[in-house]
Structure formats: structure tokens, C-alpha cells
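Read-outs throughout are calculated quantities, based only on the coordinates presented, and are distinct from any laboratory measurement. Small disclaimer: the values here were computed from a predicted structure and weren't measured. A quick note on method: Cβ atoms are made from the backbone with ideal geometry, for glycine too, and the neighbour counts reach across all protein chains shown.
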Amino acid sequence: MLYLTTCGTTKLYNVRNTWHCGWWTSKFFILLITLVFSFFIPSDYIHLYGELARVGAGIFLVLQLVSVIEFIAWWNAYWMPDERKIQSSCCGLFMSTLFYLASLCGIIVMYVLYASKPSCTLNIFFITWTAILLLVMMVISLHSKVNKGLLSSGIMASYIVFLCWSSLRSEPASEQCSPKKQDSKHVDWMTVLGFLIGVFAIVMATFSTGIDSQTFQLKKQENQMEDDIPYNYGFFHLVFSLGAMYFAMLFISWNLDSPARKWSIDVGWASTWVKIVNEWFAATIYLWKLISPIVRKPKVMNHEEPMPEEQLQDSDQ
């Protein structure tokens, strides 16, 4: 509703700008009404929304990946070594080393916890492929034609290691390669704490992605007037609605056909594969960002044709 009522807003003096930035009491009552009304919706329509939420959650993951990669690029440019700033260069080198050490430690810990047995072939494949992606990103970043340094690839390496670890934690506790014990009578406080941390991280990512609408525009807006809105309100609310769909998928572990187990948040093979595919897709987007300037580099043709003498004389005059 907020997306439909704020989409197309361009100026601060517009009435929809007031609706976006204020009317909090009315919005609160509308929220309460919609929450109560949702309990009276037939389950068939809820299931239909679940199918839609799957698609929306996938779109949210893609938008979040693009936003994260843009942030990594900005961070890398901020700490880019500069001959005039030796301190900046040292900090960039220190941060690169720190991120790669963290990624390496994460790989080792995952091998110990989730791939301790030779029969854990799937986990071994997930972790090994993640390590290969780290190596590929490092090599391409250091290539002479790319020359992006180690900071951006180190940050991205830590991110995909986190995604791999998160996907392995989402495996059902009944599996022999999972260190968690199958116990539905007690609260898994680590799962709850991890979910709360994830909630905070996703909210921050949603907020930053919603505001950073310029990243997803094909045509950048160069000149901004004083009465222009600071960001795209419609896109902001659209991203939050997609983020809400993603939260819905976390609570049901991306599975619409069976109820979630008590105190089981984001656990199941569906959640595992969603995160693994998200990891691979993130690495693919990042690698494309590295090599795309080389692949799409235009060939500069310098054809300088001599000007006629009459045009030369006119230009001299």
C-alpha cells in the first residue's frame, strides 16, 4: 500500500512526501487493522501469498547482493592505496589480511564441524567449492588487467564464507553431519540469538538498499534540485515489502507444505539450498563486476580526417 501511494513522488512539496514522512498515528492503526484482518483470510489465499513471497524473497536476495557488492566497491575505493597517503595504504593492507585470515579460519572451522566424516560428501563439496571461489576471486583481483587489490576480494570472501556457514547451520539437526542435536523440547538459544542478529542485519541491509535506489537505475541522475526527494520513496517501500517476504520465508524455512518444528528457525534443506545458491550467485556477480570492464571495453578508433582548406580558413577567421 505504501509503495502504491508513494510511487512517482519526485518533489518535497508533494502531498505524498508528507504521507511518507509523517502520519505515524494513522500508519500505526492501519498496521493493527491489517494484522487483525490477516487472521480472517482463508488459508488458500495465505498459501497463494506464500508462493508469491518465495519469488519476492528471491528478488530481495538479488537486490541485497547488488547493494552489498556496491558497498564493498565503495569501501575498497575508500581504502585504496594512495602514494600520498601511506596510512591509508597500510590500513587497507591490514584490513585485507584480516578478512582473508577470517575467511581461512572459517573454512577450517567448517571442515572440522560439518565435514569431519568422509561420508559428509555434500558438506565437503560446499566447503571445498567455497574455498575454490575464494582462490579464484583473489587471483582475478590481482590480475594485471583487473588490478582491484585484495581488500574488496577479502571482504567478499568473508561474506561468502558466512553464507556457506549459514547454509550448513540450516541443515536439519537429524543429519549425521550436523553438530546440532535433535531436541524439540528445549530452546536452542544459539539459533534464536543468531536469528535476532540476522534480523538486525537484514533490517539494516533493507534500509540501506531501499535508500540506495541510484545503484539500481540504468540512467543516473546527475543534477539534483533542492526540492527533489533524497531517495526513491516507492523503491524504498518496495524493498521493505520484499524484505518482509524474506522474513516470512525464514520463519517457515522456505517450505510451504509442512509446518516448522518448534524453536526451529530457518532450518531445512530448502533453506540450505537457498543460501548455497545465494552464495554462488554472489560470487558470480562479484566476478562479473571484476571482469566486465575488460570484456565490455570499447575499441577506441581514432580516425582523424584532414579538414578541407575552406573550413580551416573559416575557423581561422
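Quick check on packing: order 61-67, 10-16, 287-293, 22-28 by the mean number of other C-beta atoms within 10 Å, highest mean leading.
Sorting 61-67, 10-16, 287-293, 22-28 by mean packing, highest first, produces 61-67, 287-293, 10-16, 22-28.
For E70, E171, what's the fewest-to-most ordering of other Cβ within 10 Å of each Cβ?
Going from least to most buried by this count: E70, E171.
Beyond 22 Å, what share of the Cα-Cα pairs of region 1-73 is found? Please give it as a whole percent.
Cα-Cα pairs in region 1-73 separated by more than 22 Å: 53 percent.
What list do you get for V203, V112, V161 if you sort them by fewest beta carbons within 10 Å?
Neighbour counts put them in this order, fewest first: V112, V203, V161.
In what order do W19, W254 fall by count of nearby beta-carbon atoms within 10 Å, going from fewest to most?
Lowest count first: W19, W254.
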